[in-house]
Each structure stands twice: as C-alpha cells, then as structure tokens.
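Here the structure is laid out as structure tokens; the discussion comes afterwards.
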Amino acid sequence: MRTVTEKLRLSEISPRIMQSEIRSMTVECDRIGGVNLAQGVCDTEVPSPVVENAIKAIHDGHNIYTRMDGLTPLREAIARKMAHYNGIHVDPDSEVLVTSGATAGLYAACLALFDPGDEVILFEPFYGYHLNTLLSLRVQPRAVPLAMHTWEIDFDALSAAITPRTRAIIVNSPSNPCGKVFSRAEFEKIAALSEEHDLFILTDEIYEYFLFDGTEHISPASLPGMAERTITISGLSKTFSITGWRIGYLTADKRWLGSIAYFHDLAYVCAPSPFQYGSAAGLIELPDSFYKQLATDYQAKRDMLCAALQDCGFTPSIPQGAYYVLANVSAVPGATAREKARNLLAQTGVAAVAGTAFFSEERGEDLLRFCFAKRDEDLQRACDALRSYRGK
Ligand code: PMP
C-alpha cells in the first residue's frame, strides 16, 4: 500500500537550484545541429605533450587513486607556475590542492570555510556556479552589481553590502560572462576592505591567460598581506582545452588547505590520475610563448565575433579577457532574454545564453552571452549565420 509521506521529498533548496540555462541551450542547439556559442566547451586543439602524456600514463598503469591532494610532480609544477606567473609563493606539499576542475575547488573551499547563514559577496553579472554553490550550501549570496557595459565597481555599494555575517568576497578575473579584467587598483581597494572587515577572498582565475589588448592578470593573493586570506582557484580546462578531463587546482595558506583537501576528498577522492600526468607534462614542457599565442589566437576570435555582432545590429561589450561576449540584442524578437535566445537559435542556428542567467533580478533581459572558444571554422559559420540574420 502506498503511504503518504512528507519525508520522501526533495530538499528545500532543490527548487532554487535550476538546471543551468547554458546546458538547456546546448541541448536545444544539438537537437537542431546548430553552432553552440552557448557553452564554454573550448573545442580547440589540446597541446600534444598534454595528450601524449595522459595516454602514456594510462598505458603505464597510472589508473588508480592518487594522493588526495594530487601527484607530487603536478603540485610542484603548479607551485612553480604560481610563483612565475601569479607572483604567489606556496609550498607544493601543504598549500597546493589538485582538484576535479576549478568547480570542485570552489565547492570544497566553500564547504571548508563557510557555515549555513554566512553571507558571501559576489559581483554581478556572476558565473552561475558561484551563486548556486553558495545557495546549495545554505550560504547567502549578496550580489553587488557592476556598472552595465563599463563593468566598473561601485565601491560604495560593495562596502554597503558587507554585514557582520559577511565572510568572503568572490572575484573572477578575467570574468565570465562580461570579460572584465580587474585592475591592480581595484584589487587594492577590495584587499583593503577585506582586511578592514576580516574577509576571505575567493578568486576564480580560470581565464588567467585569456587577456586582450595588453591587459595584465593580477592575482589578489600576490598583493601585500593578502596571501593568508586568499584562496586562489584555477585550472587547466581552458588553458589546455581539456574541459572534460576535470583538472583544476587551488592554492591557499596551509591553515585552510588541509580542510579544503579533505572536503574535496569526500566528494571526488582525487582528480583523474592519467589526466594529472598529462597536465603536469603540459605545465612543465610548454614554453611561455604557448600562453602568449593563446591570448593572441583568442583575441582574433574575439574580434571576429564582435565584428559580426556589430554588423548584425547587436551591441557587444568588448571583453578584455576570458572568452565570452555580452551583447545587447534588443532587436531580436522576444519578451525575455530566454525567448530572444530561442528565437535567435531558430532563425540562425546559433545558440547563445540569456543574459538573465548572470544577474539576480530583472537585469540582463536585453543581453545574450556568446562564447568564442570555438574552432575558427565553426566561429566563421556562426558569424556568417549572424550576418545573414541582419537581412531578415
Ligand atoms: N569558473 C568559471 C568562471 C568558468 O567560466 C568555468 C567554466 N565555464 C569554470 C570555472 C569551470 O572550470 P572547471 O572546468 O575547471 O571546473
């Protein structure tokens, strides 16, 4: 006999955690065989040392769990890279954690550092996973809006958002979705506020090499006095075009890293072993010129897409970094951004994401986010389709 029960139910938070709009656009795009500029799938070439050493690791039998914080050669390569590129000095044995992508790094850090009811500030437009990770852990997100299109920080609004329950500020530079690259001066002000109010800084630097027009990547942990309170999260998904491998990393003061590693272990045990070998080889073998070329190639892709968006009457905000463009698409029919995204897909076969996915309320209805981490031929196909839309 079926019993009526109030215990056989989803958690209270579940209805608030929606399937990402990005994934649902991807499903629709696949259904009609369109060009997917909705998701940052990054289907560009994987560097050969990365591929070859991952395959070799499988053949050599490196298919079992690794140490929970990751393979020693990989942690050492990450520590060297952090010193060389980010100006952050960490002990590879106690201050580096290899994670199952930056996503798992953020999740484990939030589990280790925050309690339900704590508040964490993030800038809007935000990356949906940042918001939903906080929500899923019953941590209260507080979104501080950046100025539309210039993406400047309103420091008064930032100060006003800090309450006695605030524990941290999440930053993401270069930023998904708006392509903002935070300046040193901005980070200095954020650092001063974090010291004044004794806050953590969680920084997602996954796009650290995707920089355009000569902008510089600043890691907040490299600023004087900031190392102890900053959790630096990054990964190789984007840099090596291996989003499906799930290799990320996190560096933090040893005071925090052990607990973060333990929470990561609880959910993931370790990052995939052979892919850790491939990633270590990439970090060790690829010269600085590889990373410079990456930025040059992506700047060309950015220019290609922004020109097409402009030509078809949309107004793109030209990104300084990462690989997304937010464009004003008021000209596309539809009452909401979601409708506009679906209409554009139906008309052109190009999938983009509704801007509302990156804002907390009533903002972003005129915006769509387009991703340019695509092979040139696919991006060209999308640009041609967008230009032909102009004529309709
Ligand atoms: N952070 C940001 C800001 C991202 O845009 C993405 C990918 N969309 C990720 C993290 C995911 O990184 P990973 O694949 O390393 O989990």
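The values are calculated or read from the model by the stated rules, or taken from the named source; none is laboratory data. In this text the structure is predicted, and so the values were computed from the model without any measurement. Heads up, the Cβs are rebuilt from the backbone with ideal geometry, glycines too, and the neighbour counts pull from every protein chain shown. With ligands, DNA and RNA removed, areas are computed over all heavy atoms of the protein, side chains included. Shrake-Rupley method; radii C 1.70, N 1.55, O 1.52, S 1.80 Å.
Descriptive notes on the structure:
- Every pair of residues 6+ apart whose Cβ atoms lie under 6 Å, when the first sits in segment 116-133 and is outside the structural domain of ALA357 (by TED's automatic domain parsing) and in contact (Cβ under 8 Å) with a residue 40 or more places away in the chain while the second is within 14 Å of the ligand (Cβ to nearest atom) and part of a strand (DSSP E or B): LEU122/ILE170; TYR127/ASN172; HIS130/LEU122; HIS130/ILE170
- Scanning segment 324-381 for residues that are among the hydrophobic types (A, V, I, L, M, F, W, C), farther than 22 Å from ALA295 by Cα, open to solvent by less than 10 Å² (accessible area, probe 1.4 Å) and within 23 Å of the chain's Cα centre (by Cα) turns up ALA337, ALA341, VAL350, ALA351, ALA352, VAL353, ALA354, PHE358, LEU367, LEU368.
- On inspection, TYR85 does not qualify as within 16 Å of the ligand (Cβ to nearest atom), part of a helix (DSSP H, G or I) and open to solvent by 20 Å² or more (accessible area, probe 1.4 Å).
- Filtered residues of segment 132-153 (kept if more than 21 Å from ILE318 (Cα to Cα), more than 16 Å from the ligand (Cβ to nearest atom) and open to solvent by 40 Å² or more (accessible area, probe 1.4 Å)): ARG138, GLN140, ARG142
- Residue in segment 119-131 that is nearest to ALA161 (Cα to Cα), counting only those that are more than 12 Å from the ligand (Cβ to nearest atom) and of a type outside the set (Val, Ile, Thr): GLU119
- Verdict on TYR291 being open to solvent by less than 60 Å² (accessible area, probe 1.4 Å) and within 16 Å of the ligand (Cβ to nearest atom): no
- Residue among THR215, THR232, THR239 that alone is polar (S, T, N, Q), within 11 Å of the ligand (Cβ to nearest atom) and touching a residue at least 24 places away in the same chain (Cβ under 8 Å): THR239
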